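Notes follow the structure.
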Amino acid sequence: MPRLARKNTGMDREQRLRIAIQKTGRLTDHSLDLLSRCGLKYSRGKDQLLCYGENMPLDVLLMRDDDIPDLVQEDVCDLGIVGSNVVREKQLAQDAARTTPGFEVLQELDFGRCRLCIAVPDDFPWAGVGSIAGRRIATTYPNILADWLRSAGITAQIVTLSGAVEIAPRLGRAELICDLVATGGTLAANHLREAATVLECQAVLIRTPVPLSKPKEQWLDRIRLRIDGVQQVKESKYIMLHAPRSALPEIRRLLPGSESPTIIPLEGSPDRVAVHAVCRENVFWETLESLKLAGASALLVLPVEKMLA
Ligand code: ATP
Ligand code: MG
């Protein structure tokens, strides 16, 4: 990467933000998509670890997700995108070691949603969380699990594994597991079922606690505003329709999550208006059908691409 080596000088570290994201995994596409939606153009070579931001002073480092908090903590990167489960596990390990947290959670990113849960074999006699007492639980999140057991007042043995937790009961290494679940498909395939939720998780943006140079801090503020904008437009739709004036109260009631709509008189039809509104929730067919029943016609629903409050 001769070009990167040249660009990545000490001077660049003063001027350019560096964000660590997962190299390959469940968060990769969403993280790159978020950065693109924030306006970043970058070139990504096949085995490239550092992508140079071409139109913003923001470079992307592609790493294993477990390493991201450390990279931010050690100030190798200014920012990181990682699951809140990885962040929480790290924070609890730091609490236990009485070291000061080396990163700060800036915001939730509304993707990579999953939950860390206790799962039991299909034939396990589950009768509430009390059933965990005295059992062995396999997990890759020993600190989160220990914290949860402590607050539930349960004593159990934690078996820490580095992966393939779902086969631990079949191998006789543990009776239960504590693992991440999104749809439950992997659990079902391994004859396990979800029994209790330990932690709801999603991707979060973290930053170094080290003060940034002024230009970097200003760019971080801009990027965060853009992330807010991206999140706002995700479900938003722009809806346009025609309606009799008399139907306006009912139509306003039906428009999902919209603030003051724009009402425009229609040339030559004094009793009819055009209504334009940004709906901050998805607009379903049922809503359109109800709007039509209320008197609306010429209904049009458009996606919103960008929004800046
Ligand atoms: P790496 O090689 O980077 O260490 P990994 O195998 O640890 O990857 P992935 O399985 O790609 O990680 O998951 C990354 C993150 O995605 C998880 O830490 C979690 O926050 C989130 N996630 C979302 N859905 C799921 C799911 N169904 N199972 C596991 N993680 C999920
Ligand atoms: Mg990992």
Mind checking whether some residue in the stretch 142-149 is open to solvent by 70 Å² or more (accessible area, probe 1.4 Å) and either more than 12 Å from ligand 1 (Cβ to nearest atom) or in contact with a strand residue (DSSP E or B) (Cβ under 9 Å, 6 or more places away or on another chain) (or both)? no
Could you list, in sequence order, the residues of the stretch 72-104 that are within 12 Å of ligand 1 (Cβ to nearest atom), in a helix (DSSP H, G or I) and open to solvent by less than 30 Å² (accessible area, probe 1.4 Å)? 84, 85, 86, 87, 89
Would you confirm whether or not the stretch 236-247 contains a residue that is assigned to a strand (DSSP E or B) and surrounded by fewer than 16 Cβ atoms within 10 Å (Cβ to Cβ)? yes
Which of (1) buried (at least 19 other Cβ atoms within 10 Å of the Cβ); (2) out of contact with any Gly (no Cβ under 6 Å at 6 or more places or on another chain) does residue 127 not meet, given it meets every other one? (1)
With respect to residue 12, determine if the residue is at pLDDT below 95, surrounded by fewer than 19 Cβ atoms within 10 Å (Cβ to Cβ) and in a helix (DSSP H, G or I). yes
Quick one: residue 271 ticks every box in (1) free of Cβ contacts under 8 Å to residues at least 12 places away in the same chain; (2) of a type in the set (D, E, K, R); (3) not in a helix (DSSP H, G or I) bar one, so which box is it? (1)
For residues in the stretch 37-71 being charged (D, E, K, R) and in a helix (DSSP H, G or I), which is nearest to residue 27 (Cα to Cα)? 65
Does any residue of the stretch 24-33 turn out to be assigned to a helix (DSSP H, G or I) and open to solvent by less than 10 Å² (accessible area, probe 1.4 Å)? yes
Exclusive hit being at pLDDT 95 or above, within 13 Å of ligand 1 (Cβ to nearest atom) and within 23 Å of the chain's Cα centre (by Cα), set 62, 40: 62
When residue 31 is run through (1) within 16 Å of ligand 2 (Cβ to nearest atom); (2) touching a helix residue (DSSP H, G or I) at 6+ places or on another chain (Cβ under 6 Å), the failure sits at (2)
Under 6 Å by Cβ, and 6 or more places apart or on different chains, what pairs join a residue from the stretch 136-147 that is on the phi > 0 side of the Ramachandran plot with one that is among the basic types (Lys, Arg)? none
Can you run down the residue pairs with Cβ atoms below 9 Å, 6 or more apart or on separate chains, where the first is in the stretch 213-241 and touching a residue at least 12 places away in the same chain (Cβ under 8 Å) and of a type in the set (Lys, Arg) and the partner is open to solvent by 70 Å² or more (accessible area, probe 1.4 Å) and assigned to a loop (DSSP other than H, G, I, E, B)? 226/306; 226/308; 237/280; 237/281
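The values are calculated or read from the model by the stated rules, or taken from the named source; none is laboratory data. Given the structure is predicted, the values throughout are model-derived calculations rather than measurements. Using ideal geometry, Cβ is built from the backbone for each residue, glycine included, and neighbour counts are taken over all protein chains shown. With ligands, DNA and RNA removed, areas are computed over all heavy atoms of the protein, side chains included. Shrake-Rupley method; radii C 1.70, N 1.55, O 1.52, S 1.80 Å.
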